[in-house]
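For reference, the structure discussed in these notes is given below.
Bear in mind that the values in this text are calculations on the coordinates, not laboratory data. From a predicted model like this one, the values you see are computed outputs, not experimental measurements. No Cβ is skipped: glycine too gets one built from the backbone with ideal geometry, and neighbour counts run over all protein chains shown.
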Amino acid sequence: MLDPRYAFISAYIKGEEAKIVTSNHINRMSKVSSIQDILGIISDTDIGSYLEEAPVETFDDLDEHLWMYFGECLEHLEWFKTTPPDILKILKAYIVKYDVLNTKAALQGISTGKKANMIPIGVVHNHGLLDELSNAENVDGIIKLLIECKLEGYASVLEEYKIDEGVKPRLLAEAKLDGEYYKNLLRITRGVKDGSILSKAFSTIIDMTNLQIILRAIIGGMDSKAAEYTISGGYMISDAVIRDLISLKLSDIPGRLENTQYYDVVEEVVSSYDKSTSITVVEEIIEKHKFRLSKEILSPRVLSPLMVAWYLILKEIEIRNLRLILKAMFDNMPIEEIRNYLVLPS
């Protein structure tokens, strides 16, 4: 029997998807030369309507409002009394991504002696402790704060890796924070409707993240120890496969992945790198295919918790694209110069 709670939230999410910034909007943006023109082009979207009311003088102003908008989107999902528990469970686990990003920013702030910029989303933010995280003077302060916010697993990572000892331990700790996040994401898929499909989607994202690390390591001439910075729990690329891939030449990678869904991805990276010799092609291509694979797995599903995962990914891409476009505009850079960095939705 159809659950009316899923019918309602499905209609709401599909309605929100219809109001996102599309490829057509982005194509029109490339032909204008002012922030106001860009905001005018997206005025028919949900985020465009939000920004019309936002006082903006600098990119930092716009950036803050973009994240505030995304935060409000998350709050709306939680606010509905009819939102199914499985969707709330996924949402709660997913947004810890921003606690991980903010924790990394705080660690970098300690290393550089500069106050870290925080994203106003996540558990720490919801506890009203984001300023304290930004102003943390040492790792022990971050650990205490994470424990206070019941993020003990992440605190344990920082306790285990002595990041005060140098750059490499800090980078390794950051990688392990990502690993803890994805481990928790995969754990919650076991207890929700359509959890096996959701697990596939998250595990595929892990694979793509690891491929990015592997390809950058090979291009950058790093040794096999770069495997320490990868994440366990991938869909097709196990820890053993990671160790094998990272020992190869770049041109040999496609052959090893010939019978997987990643063959076209790495083939495109190798071909693009041969032409440009720019390591940035790795991120550009991986991000586009990560989005495509997530869409293929998640977007066809309705009346399912998978809808919220796809909605979150879609809104994150929208925010990411707008941040890149608006930063380019503020820096007087033609949008065409950053087009390759954009992940274009339909």
statement: Taking alpha-carbon centroids only, region 305-330 lies from region 242-275 a number of Å equal to 27
field: Coil-residue trypsin sites (Lys or Arg not before Pro) of region 232-327, DSSP, other Cβ within 10 Å capped at 13
entry: K249
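Can you give the longest run of the chain that contains no GluC sites (Glu not before Pro) sitting in a DSSP loop with at most 16 other Cβ atoms inside 10 Å? Don't skip to the answer; put the middle values down first.
Numbers: sites that count: E53, E57, E137, E258.
My reading of the result: 138-257 is the longest stretch.
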query: For the pair L344 and E267, how long in nm is the line joining their label points, each one 7 Å along Cα→Cβ?
result: 2.1
Proximal lysines to K290, defined as alpha-carbon separation beneath 20 angstrom and excluding residues fewer than eight positions away on the same chain: K97, K183, K200, K315
- line: Rounded to the nearest 500, the 222 nm mean residue ellipticity computed for the chain from DSSP H runs (n ≥ 4, each -39500 (n - 2.57)) alone is -20500 deg cm²/dmol
Within straight-line cross-link reach of K92, aspartates and glutamates at Cα separation under 20 Å, skipping those fewer than 8 residues along the same chain: E16, E72, E75, E78, E148, E152, D178, E180, D194, E316
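For an R0 of 30 angstrom, estimate the FRET efficiency from the Cβ-Cβ distance between V56 and R320 and round to the nearest 0.05. Before the final figure, lay out the partial values.
Details: r = 19 Å, r/R0 = 0.62.
The formula returns an efficiency of 0.95 here.
Averaging over every viewing direction, what projected area does the convex hull of the Cα atoms of region 199-265 cover, in nm²? Kindly include the intermediate steps, with their values, before the conclusion.
Details: hull surface 16.0 nm².
For region 199-265, the mean projected area of the Cα convex hull comes to 4.0 nm².
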message: Just to confirm the filter: which trypsin sites (Lys or Arg not before Pro) across region 1-90 are DSSP coil and have at most 12 other Cβ within 10 angstrom of their Cβ?
response: K31, K81
- prompt: Where in the chain are the DSSP H helices whose alpha-carbon span along the long axis reaches 18 Å or more and whose Kyte-Doolittle mean is at least 0.0?
  reply: 96-112, 195-219, 306-330
statement: Each label sits 7 Å from Cα toward the beta-carbon; between N117 and N27 the label points are separated, in nm, by 3.1
message: Name the residue from Y341, I119, F59 whose Cα lies farthest towards the positive end of the charge dipole of the chain, charges +1 on Cβ of Lys and Arg and -1 on Cβ of Asp and Glu.
response: Y341
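Only four residue types carry charge here, +1 at the Cβ of Lys and Arg and -1 at the Cβ of Asp and Glu. Report the dipole size of the chain about the Cα centre in Debye, rounded to the nearest 20. List each step's numbers first, then the result.
Numbers: 39 positive and 52 negative charges, 188 e Å.
Result for the chain is approximately 900 debye, rounded to the nearest 20.
Can you list the chymotrypsin sites (Phe, Trp or Tyr not before Pro) in region 1-102 that are in a DSSP coil and have 14 or fewer other beta carbons within 10 angstrom? Walk me through the numbers before you get to the answer.
Numbers: sites: Y6, F8, Y12, Y50, F59, W67, Y69, F70, W79, F80, Y94, Y98; in loops: F80.
Those satisfying the criteria are F80.
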